[in-house]
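Taking it in order: structure first as C-alpha cells, then the write-up.
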Amino acid sequence: MNGTLKSSRHQAVRRLLKERRMLAGLTQHELADSMGYYRSFVTAVETGQHRVTIVEFIDFAEALGFDLCAAIRRIAKR
C-alpha cells in the first residue's frame, strides 16, 4: 500500500498539513489564496482525495512557514 492515498505516510502528510494550517490560524480559503490554489485543492489534500506532490508540499511549507526538511524527517519515521 506504499505510495497510495491510504498509506500511513500519506496520512501523516495530511495530518501535518492540516495541523500546521490550524496552528497558523488560517482557513482553507486563506491558505489556498496565499498559495495561489483553489480552496477545493486544500480540502482535497486534507481529506485524502489528492496525493500531494513534492512541489505542492514545498508550496505548503512556504505558505505555512514550517521547516520542510524537519517535516519530511517526521513523516519518514512513520
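Here, each number is a calculation from the coordinates, and none is a lab measurement. These figures come from a predicted structure and were not determined experimentally. Glycine also receives a Cβ, built like all others from the backbone with ideal geometry; neighbour counts cover every protein chain displayed.
Of the residues making up region 1-38, those that are farther than 20 Å from residue 70 by Cα, without any contact (Cβ under 8 Å) to a residue 12 or more places away in the chain and among the charged types (D, E, K, R) are 30, 33. Here the condition is being of a type in the set (Lys, Arg) and either on the phi > 0 side of the Ramachandran plot or within 11 Å of the chain's Cα centre (by Cα) (or both); of 9, 21, it holds for 21 alone. Residue check: is residue 22 touching an Asp or Glu at 6+ places or on another chain (Cβ under 7 Å), more than 21 Å from residue 78 (Cα to Cα) and not charged (D, E, K, R)? No, not satisfied.
Within region 47-78, the residues that satisfy the criterion of being under 20 Å from residue 36 (Cβ atoms) and acidic (Asp, Glu) are 56, 59, 62.
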